[in-house]
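What follows is a short report on a single structure.
The values are calculated or read from the model by the stated rules, or taken from the named source; none is laboratory data. Please read all numbers here as calculations on a predicted model, not as lab measurements. Reconstructed Cβ throughout: ideal geometry from the backbone, glycine too, with neighbour counts over all protein chains shown.
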Amino acid sequence: MELKFSKFNHYTYIDKTETLLLYNKLRNTMGYLQPISLRNLPLSIDTVPEKMMGRLRDHGFVVPASIDESIQGDDLHEKIINSSSLHFTILTSESCNFGCQYCFDDFQRSHIKESVIQDLITYAKRNIGQYTEMNVAWFGGEPLLARDSLYTLSEAFIDICRKTSRRYSASITTNGYLLDYETFKRLLRYRVFEYIITIDGTAKTHNVSRPLKNGGGTFHKIIENLRCIRDHVKSQQFRIVLRTNITTDVLENLHDYLSFVQEEFGKDNRFTYLFSPVYDWGGDRINAMRGKLIDSMSDVYATLAEGDWQLNMSALQGQLSHAICSYAQKNTYTVNTLGDVFLCPQLQEYPIGKLINGKLEIDEYKAAYWYSLSAKAIEGCKSCTDYSICKGKSCVRNLLFFNKNPMDPAQLNCGREYAYLNDVLKVLYKMNKDSFIEL
């Protein structure tokens, strides 16, 4: 059978070694070949040793020459978009105890209304049979400001799913300030297994960018909460993603921050790390710090790649997966404290309906328009090897604005990590070599 390398392969060479890293975007698999000297590149299908060929085929890096992989990309895209799961992002509170420098929201509303809680429960009872499972993302504001509402909804959803034999899971995006030991134990009981907590570098930088509303520091309280979880919670089911928003200030102190988190949490694989630039999501506050925004993540990945860091980077690896935003999926709704329904929590100026009397009253045209969005008219996207997988839906919010007001295709932020894929793969290989298949 005639074979070829998958068109979804990406290759990068580890400097000063004979190691070639491979990443397949269709299958989200990573592998490495040794020894591969520079004189053997680019790889030719005719020169690959037979002992390597079998494993390359087994893991999709090599495929039959006769197949059109774009068809597989289209199929994967449709499977991801047409989810049979029910996904709710629920804003239990639209208030916040922090006054972050870069936040776009003024948090004028408070906690979720009792009527919205009951409507969510009623909707789940009436409709869970249509779905294979239910997933809830607790969001805000700061969702833990309304813990009792979160607990009430969790108990109801779990009971509904148990009675109908549906799987239930949950995640939470929290600033971590209220995540004390007792709260964390209760959240685990309610199957909240993924936690996204932002720490913006060392105490010096974090307390400036993420202070309390009254200006007080937050770093030490968050770290004490995390230490308590680390030392006293034995469960291995949960994962805490420590997200760091990078500004020029954080970048200047990044080495110190990495040393700190490695010392504190580096030996505990329940903690994983994600690094992202501060994005301009609008609002007035971002203007005061615009000079601290970074244009490139290259220096971040360079710092991660050097030195003897040993950190679990599975969250970064997860960012590479298929480059389709979770809010592009059908049956995915964001519900705010008043019962307004959105298709993206970053797009509250674009409501598509209301939760009323246990029903989702949806504007079908707005929803259809959202799901119909694609990058098929964008020349730079159509010619991209990965178009069949993502179709521009790595950020549907940006795609919506792009279609209404065409701009530079780079502003779609498609595959944010893809722009630095060589760097990302090298960091992942250095810190988490076991996630790469030896080919």
Sort through Ile196, Ile229 and tell me the only one that's over 21 Å from the mean Cα position of the chain (by Cα) and at pLDDT 95 or above.
Ile229
Taking the range 344-370 and keeping only residues that are among the aliphatic types (A, V, I, L, M), touching a Leu at 6+ places or on another chain (Cβ under 9 Å) and either surrounded by fewer than 20 Cβ atoms within 10 Å (Cβ to Cβ) or assigned to a loop (DSSP other than H, G, I, E, B) (or both), one is left with Leu347, Ile352, Ala367
Scope the range 236-268; condition closer than 19 Å to Tyr195 by Cβ, of a type in the set (S, T, N, Q) and in contact with a strand residue (DSSP E or B) (Cβ under 9 Å, 6 or more places away or on another chain); matching residues:
Gln237, Thr244, Asn245
Just name the residue that is modelled with the lowest pLDDT out of those in the range 368-423 that are over 19 Å from Gln72 (Cβ atoms) and basic (Lys, Arg).
Arg416
Qualifying positions in the range 192-220 - surrounded by fewer than 20 Cβ atoms within 10 Å (Cβ to Cβ), touching a strand residue (DSSP E or B) at 6+ places or on another chain (Cβ under 9 Å) and not β-branched (Val, Ile, Thr)
Phe193, Glu194, Pro211, Leu212, Lys213
For the range 233-289, the count of residues that are over 20 Å from Ala315 (Cα atoms) and over 21 Å from the mean Cα position of the chain (by Cα) equals 14
In the range 68-83, is there at least one residue being touching a residue at least 24 places away in the same chain (Cβ under 8 Å), within 22 Å of the chain's Cα centre (by Cα) and not in a helix (DSSP H, G or I)?
yes
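Can you give me the ranges of the strands (runs of 3 or more DSSP E) entirely in the range 127-244 with at least 2 residues that are without any contact (Cβ under 8 Å) to a residue 40 or more places away in the chain and assigned by TED's automatic domain parsing to the domain that holds Met289?
Here the list reads 167-174.
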Condition first: out of contact with any helix residue (DSSP H, G or I) (no Cβ under 8 Å at 6 or more places or on another chain) and in a helix (DSSP H, G or I). Can you find one or more residues in the range 88-109 that meet it?
no
Tally, over the range 13-56, of residues that are modelled with pLDDT of 85 or more and charged (D, E, K, R)
3
Across (1) in contact (Cβ under 8 Å) with a residue 60 or more places away in the chain; (2) within 25 Å of the chain's Cα centre (by Cα), Ile356 clears everything bar (2)
Answer yes if at least one residue in the range 125-132 is within 24 Å of the chain's Cα centre (by Cα) and either modelled with pLDDT of 95 or more or buried (at least 19 other Cβ atoms within 10 Å of the Cβ) (or both), and no otherwise.
yes
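Would you check if Ile121 is in contact with a helix residue (DSSP H, G or I) (Cβ under 6 Å, 6 or more places away or on another chain) and not in a loop (DSSP other than H, G, I, E, B)?
yes
From the set of residues in the range 2-26 that are part of a strand (DSSP E or B) and more than 26 Å from the chain's Cα centre (by Cα), which is nearest to Ile80 (Cα to Cα)?
Going through the qualifying residues, I end up with Phe5.
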Taking the criterion of being crowded, with 19+ Cβ neighbours inside 10 Å and within 30 Å of the chain's Cα centre (by Cα), would at least one residue in the range 35-44 satisfy it?
no
Sole residue being more than 17 Å from Leu274 (Cβ to Cβ) and among the aliphatic types (A, V, I, L, M), chosen from Leu311, Leu347, Leu320, Leu316:
Leu347
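Quick grid of which residues meet (1) farther than 19 Å from Ser83 by Cβ; (2) crowded, with 16+ Cβ neighbours inside 10 Å; (3) at pLDDT 95 or above:
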residue	(1), (2), (3)
Phe139	no, yes, yes
Asp148	yes, no, yes
Arg166	no, yes, yes
Asn175	yes, yes, yes
Lys185	yes, no, yes
Tyr190	yes, yes, yes
Filter the range 371-396 for residues that are touching a residue at least 40 places away in the same chain (Cβ under 8 Å) and either charged (D, E, K, R) or part of a loop (DSSP other than H, G, I, E, B) (or both) and give the result.
Thr385, Asp386, Lys391, Lys393, Ser394, Cys395
Residue list for the range 371-396, filter: over 19 Å from Thr332 (Cα atoms), exposed (fewer than 13 other Cβ atoms within 10 Å of the Cβ) and of a type outside the set (Lys, Arg)
Ala377, Glu379, Ser383
Please verify whether the range 309-328 includes one or more residues that are over 20 Å from the mean Cα position of the chain (by Cα) and in contact (Cβ under 8 Å) with a residue 24 or more places away in the chain.
yes
